[in-house]
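Student: Can you read through this structure? Questions will come right after.
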Amino acid sequence: MSQDTPDELESDKEIERLIDEVMSSSINNDSKLTDEQYRRKMQRRKEIQDRRIAQAVPEKGLIIVHTGNGKGKTTAALGMVMRSLGHGYKVAIVQFIKGAWEPSEKRVFSDWEDQIEFHAMGEGFTWETQDRDRDLEKAQAAWEKSLEYIRNPDFHLVLLDEINIALKMAYLQIEEVLAGLAEKPPHKHVILTGRGAPAALIERADLVTEMTLIKHPFRDQGVKAQPGIEF
């Protein structure tokens, strides 16, 4: 991997400084600017942003982690799946915990059956299966299936749904998952979802989002999971 030159590093620092400078005033302060002052400020911001874009790497396959106790990890990942399908890319989804019920998203994706492979390989939540050996077996099978798609250059995006739970429960070892991710072709994106993502995975990832639980209808109101929202 090439190292940044001193000039490039200095340029990055200058861009960060300019962004801080431009963004230091609050929205309330912006409302007090004259039209001309506001125009000049936004013009300066655009110049800075254009410089950042010009320095950006054109393309890179990303390792993306969605974790945290809040809702929306899989939902956000499925949004990326939809975008990829819209661009005509091939996508693979492997679900590690889910599988005891038919995911509604699988029915939707049947319209893209020539672009997508969908495998729900779990048997439900661990407190429902109550069989650790069986859970281990299913997680290992899901990981082997995942590796097929991670290694396959024809697939642009691979979603490993709830794999973080499998790691947290020690159904998979982080070392084997990191080794598998290292085998992906340079252009491929891999999304790993689930709460409790291990620190080593977060360190390896290019993009990490933590969903924060603020309110939840089940916890706060006793509202059960509903079709179209949770499943």
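Values quoted throughout were computed directly from the atomic coordinates according to the rules given, and no laboratory measurement underlies them. Given the structure is predicted, the values throughout are model-derived calculations rather than measurements. As a convention, Cβ positions derive from the backbone with ideal geometry for all residues, glycine included, and neighbour counts pool all protein chains shown.
Student: Less than 10 Å Cβ to Cβ from Leu157, Lys/Arg counted +1 and Asp/Glu -1: what total charge do the surrounding residues give?
Tutor: Values: positive: Arg83, Lys90, Lys188; negative: none.
Overall, the nearby charge balance is +3.
Student: Then there is this: Search the structure for amide H atoms under 5 Å from the amide H of Glu117, placed 1.01 Å from N in the peptide plane, and list their residues when 5 or more places away or on another chain.
Tutor: Those qualifying (amide H under 5 Å, at least 5 residues apart or on another chain) are Val91, Ala92, Ile93.
Student: Can you compute the modelled spin-label distance between Phe231 and Glu148, with each label point 7 Å from Cα toward Cβ, in nm?
Tutor: 2.5
Student: Only sites in a loop by DSSP and with at most 13 other Cβ atoms within 10 Å count here; which trypsin sites (Lys or Arg not before Pro) in the stretch 175-217 make the cut?
Tutor: Values: sites: Lys188, Arg195, Arg204, Lys215; in loops: Lys188, Arg195, Lys215.
Taking the stretch 175-217 and a limit of 13 other Cβ atoms within 10 Å, the loop trypsin sites (Lys or Arg not before Pro) found are Lys215.
Student: Cross-link list Lys46/Lys90; Lys188/Lys224; Lys73/Lys145; Lys32/Lys71: which exceed 31 angstrom alpha carbon to alpha carbon?
Tutor: Numbers: Lys46/Lys90 35 Å; Lys188/Lys224 37 Å; Lys73/Lys145 21 Å; Lys32/Lys71 38 Å.
Pairs exceeding 31 Å: Lys46/Lys90; Lys188/Lys224; Lys32/Lys71.
Student: When Ser84, Ser104, Ser146 are ordered from fewest to most other Cβ atoms inside 10 Å of their Cβ, what list results? Let's see the in-between values first.
Tutor: On the way: Ser84 20, Ser104 12, Ser146 26.
Starting with the residue having the fewest Cβ neighbours, the order is Ser104, Ser84, Ser146.
Student: Here's another thing I want to ask about it. Sorting check: for 132-138, 115-121, which peptide has the highest mean count of neighbouring beta carbons within 10 Å, and how do the rest follow?
Tutor: Working: 132-138: 14.3, 115-121: 19.3.
Packing proxy ranking, top to bottom: 115-121, 132-138.
Student: Restricting attention to the alpha-carbon atoms of the stretch 63-221, what are Rg (one decimal) and Dmax (integer), both in Å?
Tutor: Using the Cα atoms of the stretch 63-221, the pair Rg, Dmax is 15.0, 46 Å.
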